[in-house]
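The values are calculated or read from the model by the stated rules, or taken from the named source; none is laboratory data. Here the structure is a predicted model, which means the values were calculated and not measured. Cβ sites come from the backbone with ideal geometry, for glycine too, and all protein chains shown count toward neighbours.
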Amino acid sequence: MIALVTGANRGIGREVARQLAVAGHTVFLTARSAEAAAEAARAAGPDAHPLRLDVTSEADITAVARDLTALDVLVNNAAITYDTWQRAIDADLDVVREAAETNLYGPWRLTQALLPLLRASRHPRVVNVSSEVASLASMGGGTPAYTSTKAALNALTRMLAAELGPDRVLVNAVCPGWVATDMGGPGGRPVAEGAASVVWAATLPDNGPTGGFFRDGQPLPW
């Protein structure tokens with residue numbers, strides 16, 4: 001099985017890549033910096049390979065789609081801007097637009113570009129790393145750029161799952177929980193636990209769920 005993980009040079013993405021490699025996947029770790037990707041790949045083991053990829057760059061995405069020859073699992077993990085300093089009523093919309101380029105349009109572009117490879121796979125999976133803050137059922141105020149773009153990513157998950165059902169591609173959104181990372185800050189659960197939630201969705205059996213929103217293998221309300 002071949003997997004590609006975006007934003008894999010640190011935090012959840014790095015640990016997801018490591019866990020997939022330990023499970024026997026050939027893993028392509030991507031980062032905006034070639035050096036950061038290479039360092040993470042060395043740490044993940046001999047079946048991990050670095051790729052430079054900025055998900056906001058059409059040229060980078062085109063190059064990755066050209067260079068890969070097969071793909072079974074796509075983990076859209078790269079994300080930015082947990083904007084705790086903002087509120088929706090007076091948010092800087094330029095910050096929201098910038099967040100959307102990475103958190104929504106990046107996964108959207110990359111999934112579109114890699115669809116030929118995923119459709120050719122015998123066990124294709126797409127995992128969109130989301131957050132419970134994007135759940136409409138419990139949504140409040142704050143972090144408007146991050147929350148709105150992750151809510152949109154959840155909507156994209158539902159649409160892709162419906163449209164790719166005939167192609168046997170399982171598409172799910174996963175909340176790894178509050179994890180102690182650079183973005184999440186101290187006090188959260190261990191990174192390995194959050195990453196395991198993502199790996200669960202990346203390694204679902206062929207009769208597994210699609211179009212769902214999960215944490216630790218359990219459904220979350222939309």
**Asked** residue 132: in contact with a strand residue (DSSP E or B) (Cβ under 8 Å, 6 or more places away or on another chain) and among the acidic types (Asp, Glu), yes or no?
**Response** yes
**The listed residue being surrounded by 20 or more Cβ atoms within 10 Å (Cβ to Cβ) and in contact with a Ser or Thr (Cβ under 8 Å, 6 or more places away or on another chain), out of 56, 102** = 102
**Search result, residues across the range 75-97 that are of a type in the set (D, E, K, R) and buried (at least 17 other Cβ atoms within 10 Å of the Cβ)** = 83
**Request:** Considering only residues that are of a type in the set (Gly, Ala, Ser) and assigned to a loop (DSSP other than H, G, I, E, B), look in the range 202-217 and name the one that is surrounded by the most Cβ atoms within 10 Å (Cβ to Cβ).
**Result:** 212
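Results for (1) surrounded by fewer than 18 Cβ atoms within 10 Å (Cβ to Cβ); (2) of a type outside the set (Lys, Arg); (3) out of contact with any strand residue (DSSP E or B) (no Cβ under 9 Å at 6 or more places or on another chain); (4) farther than 22 Å from residue 176 by Cα, shown as yes or no for each residue.
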position	(1), (2), (3), (4)
1	no, yes, no, yes
14	no, no, no, no
17	no, yes, no, no
41	no, yes, no, no
52	yes, no, no, yes
62	yes, yes, yes, yes
66	yes, no, yes, yes
**Asked** Among the residues of the range 159-169, is any of a type in the set (A, V, I, L, M, F, W, C), closer than 10 Å to residue 104 by Cα and out of contact with any strand residue (DSSP E or B) (no Cβ under 7 Å at 6 or more places or on another chain)?
**Response** no
**Asked** Tell me, which helices (runs of 4 or more DSSP H) wholly within the range 5-84 include 2 or more residues that are modelled with pLDDT under 95, among the β-branched types (Val, Ile, Thr) and touching an Asp or Glu at 6+ places or on another chain (Cβ under 7 Å)?
**Response** none
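Within the range 21-29, does at least one residue satisfy the condition of being polar (S, T, N, Q) and out of contact with any strand residue (DSSP E or B) (no Cβ under 6 Å at 6 or more places or on another chain)?
From the range 21-29, those polar (S, T, N, Q) are 26; that's our starting set.
Add one more test, that the residue is out of contact with any strand residue (DSSP E or B) (no Cβ under 6 Å at 6 or more places or on another chain), and what stays is none.
Looking through the range 21-29, none of the residues is polar (S, T, N, Q) and out of contact with any strand residue (DSSP E or B) (no Cβ under 6 Å at 6 or more places or on another chain).
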**Asked** When you go through 183, 139 one by one, which is the residue that is at pLDDT below 95 and in a loop (DSSP other than H, G, I, E, B)?
**Response** 183
**Prompt:** Going by the conditions given, is residue 191 buried (at least 20 other Cβ atoms within 10 Å of the Cβ) and at pLDDT below 95?
**Reply:** yes
**Prompt:** Out of 137, 152, 145, 113, which single residue is touching a Pro at 6+ places or on another chain (Cβ under 7 Å) and either farther than 17 Å from residue 204 by Cα or not hydrophobic (A, V, I, L, M, F, W, C) (or both)?
**Reply:** 137
**Message:** Scan the range 130-143 and tell me whether some residue there is of a type in the set (D, E, K, R), farther than 25 Å from residue 52 by Cα and surrounded by 15 or more Cβ atoms within 10 Å (Cβ to Cβ).
**Reply:** yes
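Would you point out which residue out of 155, 145, 113, 151 is free of Cβ contacts under 8 Å to residues at least 12 places away in the same chain, assigned to a helix (DSSP H, G or I) and among the small types (Gly, Ala, Ser)?
Values: 145 fails: free of Cβ contacts under 8 Å to residues at least 12 places away in the same chain; 113 fails: free of Cβ contacts under 8 Å to residues at least 12 places away in the same chain; 151 fails: free of Cβ contacts under 8 Å to residues at least 12 places away in the same chain.
Every option except 155 fails the conditions.
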**Request:** Would you be able to tell me the number of residues in the range 19-63 that are in contact (Cβ under 8 Å) with a residue 40 or more places away in the chain and under 27 Å from residue 101 (Cα atoms)?
**Result:** 10
